[in-house]
Amino acid sequence: MKLLALSAEDLRRALPMSDAVEAMKEAFADLSAGRALVPQRAVLDLGGGGAFLVKPAVQPAAGLGAKLLSLMPANRERGLPLIQALVVLLDAETGSPAALCEGAFLTAWRTGAASGAATDLLARPSARRAAIFGAGVQARTQALAIAAVRALDEIRIFARTASSREAFASELDRVLDARVVAADSPAAAIEGAEIICAATTSTVPVFDGAAVAEGCHVNGVGSYTPEMREVDVELVRRSRIFVDSRSSARLEAGELIEAERQKATRAADWAELGEVVEGTQPGRTGEREITFFKSVGVAVQDVAAASAALTRARRLGLGTEIEL
């Protein structure tokens, strides 16, 4: 048995962000149309906040796969990543293992690409000013993704500490065409912003939904439990809601769960992004409309991203072949 091992660097080279965005559109379309199968993830509670997750999916055009993910809070003291993961990809016809992918990078990359897909489908074509909340790996891929689908002039960064937002803004300013600056406050970050990305682990809203400009598109990707909140009920109330998976969002999207509890939204009114790709739901319907894409992440994204990366890695001669 032979399979290809793809490191984070292999994946980065094999899967340009623009290609990852298109792979996410296809994945979401397959999910919404019922062509992809994504069962509920399995979670083992390890105690002390630790967990082991298994997230399988089938996308016929891409293959079979699963992400194995560990969450170990004590790793902070060990100097190790809090979250570590592997993605295993199998051939759709034979079931033979095809690839083993470094999962932390792939997760961040496909999460950014999902926001890129949503931004491409929902943000105004003329959008030039963006704001990003967060300064970690997920925030970085958000910036790369929205810059891949819109010709941005300026991106404003806000994070909890001045040093982290200034360092992050400086890093991004060197790699993007847009001017990247650190904002002094959440209000300064979103003033006049036409695209907003929230990529934090906050349990409280990180900006004032009432201050979001008309016509803005918002991506929320950081929260993934009922207890977490990156945006407030007012933003949900003002927005048309788009999700990666309606069933997953009802269980895991803290912002939407709270807003539905307060009767500010109804799950029946949410559209899946794949439905927009398929043409069964409209995207943006007006220049002044606020659109909010809430993603909790679904395993078909990992399979789609891994498959796209594997195809190009083979062509480019990337990766390390393993024989078992």
### Query
Of all residues in segment 11-43, which are touching a strand residue (DSSP E or B) at 6+ places or on another chain (Cβ under 8 Å) and over 20 Å from V298 (Cα atoms)?
A14
### Task
Would you tally the residues in segment 299-324 being closer than 15 Å to A61 by Cα and either surrounded by 19 or more Cβ atoms within 10 Å (Cβ to Cβ) or of a type in the set (D, E) (or both)?
12
### Query
Inside segment 1-25, can you point out the residues that are touching a Lys or Arg at 6+ places or on another chain (Cβ under 9 Å) and either within 26 Å of L273 (Cβ to Cβ) or hydroxyl-bearing (S, T, Y) (or both)?
A14, L15, P16, D19, A20, A23, M24
### Message
With the requirement that a residue be of a type outside the set (A, V, I, L, M, F, W, C), touching a residue at least 40 places away in the same chain (Cβ under 8 Å) and in a strand (DSSP E or B), what does segment 34-75 give you?
### Response
K55, P56, Q59, G63, G65, K67
#### Entry: Some residue of segment 103-116 being farther than 17 Å from L15 by Cβ, touching a Lys or Arg at 6+ places or on another chain (Cβ under 9 Å), modelled with pLDDT of 95 or more and surrounded by 21 or more Cβ atoms within 10 Å (Cβ to Cβ)
no
### Query
Can you name the residue in segment 221-246 that is touching a helix residue (DSSP H, G or I) at 6+ places or on another chain (Cβ under 7 Å) and among the hydroxyl-bearing types (S, T, Y) and, of all such residues, is nearest to E289 (Cα to Cα)?
S245
### Summary
Among (1) outside any strand (DSSP E or B); (2) in contact (Cβ under 8 Å) with a residue 60 or more places away in the chain; (3) closer than 21 Å to G112 by Cα, T291 falls short only on (1)
### Message
Let me confirm something: among G103, G112, G95, G116, which residue is assigned by TED's automatic domain parsing to the domain that holds A20 and within 20 Å of V221 (Cβ to Cβ)?
### Response
G103
### Query
So how many residues does segment 106-147 have that are within 19 Å of T291 (Cα to Cα), of a type in the set (A, V, I, L, M, F, W, C) and assigned to a helix (DSSP H, G or I)?
10
### Message
Looking at segment 33-67 only, could you name the residues that are surrounded by 14 or more Cβ atoms within 10 Å (Cβ to Cβ), over 30 Å from G279 (Cβ atoms) and over 19 Å from the mean Cα position of the chain (by Cα)?
### Response
G50, A51, F52
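The values are calculated or read from the model by the stated rules, or taken from the named source; none is laboratory data. Quantities reported herein were computed from a predicted structural model and do not represent experimental measurements. Don't worry about glycine lacking a Cβ; one is built from the backbone with ideal geometry, like all the others, and counts go over all protein chains shown.
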